[in-house]
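A.B. asks: My questions all concern the structure below.
Read-outs: derived from the displayed coordinates by stated rules, not from any lab. The structure presented is a predicted model; accordingly, all values stated were derived computationally and were not measured. Note that we place each Cβ from the backbone using ideal geometry, even for glycine, and neighbour counts take in every protein chain shown.
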Amino acid sequence: MVQVSTTVQVRVLFFGRLRELIGVAEEGVDLPVGTTLAQVFEKYAERFPKLAGFRSSMVVSRNQEFAAWDTRVVAGDEIAFLPPVSGG
Amino acid sequence: MTTNIQEDKIELVREVIDGDGLARYVRAGKDGATVTFDGFVRNESHGRATSYLEYEAYEAMAITKMNKIVAEIHEKFAIHRVAMVHRLGRLEIGETSVFIAVSAPHRGAAFDACRFAIDTLKRTVPIWKKEYFADGAVWADGELPPTPPSAKTAS
């Protein structure tokens with residue numbers, strides 16, 4: 001009998017003011033299969049309520065590409081929450 | 001460091017950027033022009049005297065995005081070689097934070113490519129700057145990179 005995993009493990013990264021706000025730069029998390037990037041953010045916003053107000057002024061990346069919020073995570077993904085960029 | 005077929009130089013560094021060296025690096029015999037962009041730390045922000053800046057990056061993604069910009073300017077413009085270097089960490093007033101050099105047989109392509117490169121870098125490369133003042137610090141206002149609206153329609 002093949003064991004079907006019901007969770008996926010991903011890495012989640014925060015940068016800039018978001019990292020500073022919650023004090024987390026990077027961590028591994030287990031998420032239910034089918035979780036969207038928006039739902040990943042909601043989980044963090046529950047854990048760190050200060051984060052919630054930043055949802056409209058940030059973007060998300062999956063495996064180092066900017067991604068849509070309804071993208072579903074896959075095992076091994078690297079997810080990052082990114083404030084507006086200000087290089088240069 | 002990443003090198004491609006044109007021997008472009010695309011780097012994130014933590015030490016002083018040698019702009020003159022990069023401008024020399026991109027030149028070759030068949031070129032007739034080099035256009036450079038030197039972005040450096042201003043002494044004020046919105047009327048407040050800046051003490052210094054700190055830059056951080058999502059380094060792996062930043063290098064990927066910088067490589068994409070350089071690939072794109074090679075496609076769009078008749079240029080020869082590109083150097084694109086961004087510095088991270090603490091930078092003092094007047095120090096170079098980003099330097100881009102583009103060589104080409106003719107000046108038009110070099111001007112256009114250099115302008116496109118810095119504009120695109122500022123909009124799409126995951127780098128952040130924090131401005132320190134005598135009485136505090138703020139993350140600089142930035143630009144939200146364009147993202148696909150929905151995974152269902154994205155390729």
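A.B. asks: Residues to consider are A:Ala38, A:Ala45, A:Ala67; find the one that is more than 10 Å from every other protein chain (Cβ to nearest Cβ) and under 19 Å from B:Lys152 (Cα atoms).
C.D. replies: The unique qualifying residue is A:Ala38.
Quick grid of which residues meet (1) farther than 25 Å from B:Leu88 by Cβ; (2) among the charged types (D, E, K, R); (3) in a loop (DSSP other than H, G, I, E, B):
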site	(1), (2), (3)
A:Val29	yes, no, no
A:Phe41	yes, no, no
A:Arg55	yes, yes, no
A:Ala75	yes, no, yes
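A.B. asks: If you don't mind, there's one more thing I want to ask. Only one of (1) touching a Gly at 6+ places or on another chain (Cβ under 6 Å); (2) within 12 Å of another protein chain (Cβ to nearest Cβ) fails for B:Ser45. Which number is that?
C.D. replies: Here B:Ser45 clears every test but (1).
A.B. asks: Sticking with this one: For the range A:57-65, state whether one or more residues are hydrophobic (A, V, I, L, M, F, W, C), without any contact (Cβ under 8 Å) to a residue 60 or more places away in the chain and not in a strand (DSSP E or B).
C.D. replies: Within the range A:57-65 (the criterion being hydrophobic (A, V, I, L, M, F, W, C), without any contact (Cβ under 8 Å) to a residue 60 or more places away in the chain and not in a strand (DSSP E or B)), the answer is yes, since at least one residue qualifies.
A.B. asks: With the requirement that a residue be of a type in the set (Val, Ile, Thr), surrounded by fewer than 12 Cβ atoms within 10 Å (Cβ to Cβ) and in contact (Cβ under 8 Å) with a residue 24 or more places away in the chain, what does the range B:1-53 give you?
C.D. replies: B:Val16
A.B. asks: Which residues, taken from the range A:34-74, are out of contact with any helix residue (DSSP H, G or I) (no Cβ under 9 Å at 6 or more places or on another chain), surrounded by 15 or more Cβ atoms within 10 Å (Cβ to Cβ) and under 17 Å from A:Gly16 (Cα atoms)?
C.D. replies: Across the range A:34-74, the qualifying residue is only A:Val59.
A.B. asks: I'd like the full set of residues that are within 14 Å of chain A (Cβ to nearest Cβ) and either farther than 30 Å from A:Ala67 by Cβ or in contact with a Gly (Cβ under 9 Å, 6 or more places away or on another chain) (or both), limited to the range B:59-112.
C.D. replies: B:Ala62, B:Val85, B:His86, B:Leu91, B:Glu95, B:Thr96, B:Ser97, B:Val98, B:Phe99, B:Ile100
A.B. asks: A follow-up question, please. Condition (residue is within 26 Å of A:Val60 (Cβ to Cβ), surrounded by 19 or more Cβ atoms within 10 Å (Cβ to Cβ), within 13 Å of chain A (Cβ to nearest Cβ) and of a type in the set (Lys, Arg)) applied to the range B:124-147: is it met by at least one residue?
C.D. replies: yes
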